Amino acid sequence: MAKINMKENPFFLDEEAQEWVLDTWKKMSLEQKCGQVFCPMGLGNDPELLKHLTQDIGVGGLMYRADTTKNIQQTHRMLQEFSDIPLLLAANTEAGGDGLALEGTSFGKPMAVAATNNPENGYRMGLTACKEGAALGLNWSFAPIVDINYDFHNPITNVRTFGSDPEKVLAFASRYLDAADECDVAVAIKHFPGDGVDERDQHILTSVNSFSTEKWDETFGYVYSNLIQKGAKTVMVGHIAQPAYVKAINPNATRKEMLRPASLSPELLTGLLRGKLGFNGLISTDATPMVGFTAAMKRCEAIPQAIAAGCDMILFNKSLEEDYGYLLTAVKEGKVSEERLDEAVLRILATKASLHLHEKKRTKTLVPGEEAIKIVGCQTHKTWAKEVADQAITLVRDNQNLLPISPKKYKRVYLNVIQKDSNPDSPFVQKWKAQFEKEGFEVTVRDRRTAITVEDFIEPERMTPEKGKLMHEMYRSVEEMKQDYDLYVYICNMENASNNTTLRLNWNVCFGLGDDAPWFVSEIPTMMISTAYPFHLFDAPMIDTYINSYSGNPEFIQVTMEKIMGRSEFCGVSPVDALCGKDYI
């Protein structure tokens, strides 16, 4: 039998719970053990599909994206009823209950929570996310994120992190863990060995944590070590290489092995995470369809290698049936030892027992009744979220003493909203327009769908009326422009999302004439508000009044307006260097 200490951190199982784990494990066939290590994405709630997952394959867990509370709770209930072994049911509840339920509370991104400079909000964040999730049957939160935002170019970390200070990351993540424990929900601290050092995204390549072993120990290692000691039940391992530690643990490691993602690296999983950090809990991969995993080696080799290297659970699949077959074949052929598979299964079962899932299975309380739904999106949680917005929004600078604004001083506002959706009639744009108009401003919205190209000059028939109007904007005199507008407001809503290569600002320009770039800052008072990416001053250093609000949620929009109108003080303390380490911004 594989060695696993179920009495110790993070399981702390009593005799009865240990007996359930061992009895369950002993009764499992090889096929059932192989099924148990998979946690696929939930892609529907057809009963026959759910029976296939839980009975034919026998998966150990599932994760669903956000749906209505009723649908999620009913689906979770069917899954637990169909499965002989209780399931780990997960969600990306990183920033509130909206990670699982459409009606859930959107509490605020981790960076907004950190900007309040009050770790108690980390606790409230965790309590909101896990309490609302648990009401629907959730028992595994893929949070908190403990990446550290060191490279401001990184398109996936930034507002998903608690910032660039390891002490602050630890303080807020630790309080999230406290709340999750209260809700009987396991956390998954992620993404080991740590994102935020590379400017690239592991979704589209194997990114690299390039810190030395000493630097890693002081930063990421410090955070992981403390949270492991505190009792974090699971660690999610990213498709992120950490060459320095691979070389330190295995001096003979090849370059390819040094640049192998942690999800496939025995040095990082068994040597660093299990060995040096002493982690005794469940190790899950990050999503295995990500390119950082799939490009590393053939999938028929990668799935068995993840388990052989030290992962206990495989998150998501290209094809569940195919991946299951790859693993089963590898075990039968001796490429993955039965002892290593047993260890993975025992850790999964012990995690479930630590959450009392075996007891809840007996009492049929794995998924609460419909009455529990009332906690989802409740007024208390919404009030907390609004308080976070009020405490988080950060005035990075106001060198021109522009604030507060008023329609008496700046009646005519030119509003330029920069986001992926260039439609000026989008709900987000109209929300901001309505907020300014409610205050008494006259608002002109920039239509970013219109841009002028060189071809428009070469072929005059291409010059539409919309382009002609924009051409007039570009070529008219400065004095004429100043007669039309009193204040220029940029709203930058460049949200981080997987599979991005950059979140940089892209202006509509032609012949260097500026168009919607802020060429006019010396002529017209100009303000920029970022509702997501906090580093836009890198591309707009000429903006003298700059605000990071970290979120485009309605609560944050409303509170931001309160602050720029002077009815509320700016309280936020930036968790990152918004000047990007540059002394020329």
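Answer yes or no: is there a residue in segment 499-513 that is closer than 30 Å to K411 by Cβ, assigned to a helix (DSSP H, G or I) and not small (G, A, S).
no
Pairs, please: C-beta under 9 Å, at least 6 apart or cross-chain, first residue outside the structural domain of T560 (by TED's automatic domain parsing) and more than 20 Å from M565 (Cβ to Cβ) and in segment 423-449, second of a type outside the set (G, A, S) and surrounded by 17 or more Cβ atoms within 10 Å (Cβ to Cβ)?
none
Just to be sure before I move on: is T531 over 23 Å from the mean Cα position of the chain (by Cα), buried (at least 22 other Cβ atoms within 10 Å of the Cβ) and either at pLDDT below 95 or not hydrophobic (A, V, I, L, M, F, W, C) (or both) in the structure I sent?
no
Considering only segment 352-375, state which residues are of a type outside the set (D, E), farther than 16 Å from E19 by Cβ and not in a loop (DSSP other than H, G, I, E, B).
Passing the criteria: K360, T363, A372, I373, K374, I375.
If I156 satisfies every condition in (1) within 22 Å of M41 (Cα to Cα); (2) of a type outside the set (D, E, K, R); (3) at pLDDT 95 or above but one, which is the exception?
(3)
Can you tell me which residue in segment 226-255 is farthest from V208 (Cα to Cα), limited to those that are among the hydroxyl-bearing types (S, T, Y) and either surrounded by 24 or more Cβ atoms within 10 Å (Cβ to Cβ) or touching an Asp or Glu at 6+ places or on another chain (Cβ under 6 Å) (or both)?
Out of the qualifying residues, it is T234.
Give the residue, chosen from A173, A188, A143, that is buried (at least 18 other Cβ atoms within 10 Å of the Cβ), in contact with a strand residue (DSSP E or B) (Cβ under 6 Å, 6 or more places away or on another chain) and touching a residue at least 12 places away in the same chain (Cβ under 8 Å).
Criteria check complete, one pass: A188.
In segment 1-56, how many are surrounded by fewer than 15 Cβ atoms within 10 Å (Cβ to Cβ) and either part of a loop (DSSP other than H, G, I, E, B) or among the hydroxyl-bearing types (S, T, Y) (or both)?
Within segment 1-56, residues that are surrounded by fewer than 15 Cβ atoms within 10 Å (Cβ to Cβ) and either part of a loop (DSSP other than H, G, I, E, B) or among the hydroxyl-bearing types (S, T, Y) (or both) number 11.
For segment 206-306, give me every one of the helices (runs of 4 or more DSSP H) that falls completely inside it and has 1 or more residues that are over 16 Å from P193 (Cα atoms) and among the polar types (S, T, N, Q).
Here the list reads 220-230, 291-294.
Looking for something charged (D, E, K, R), surrounded by fewer than 19 Cβ atoms within 10 Å (Cβ to Cβ) and in a loop (DSSP other than H, G, I, E, B) - is there at least one such residue anywhere in segment 460-472?
no
Kindly provide the set of residues from segment 234-275 that are within 25 Å of A180 (Cβ to Cβ) and free of Cβ contacts under 8 Å to residues at least 40 places away in the same chain, ordered by number.
Within segment 234-275, just R274 meets the criteria.
The values are calculated or read from the model by the stated rules, or taken from the named source; none is laboratory data. The shown structure was predicted, so the numbers you read here are calculated from the model rather than taken from an experiment. Heads up, the Cβs are rebuilt from the backbone with ideal geometry, glycines too, and the neighbour counts pull from every protein chain shown.
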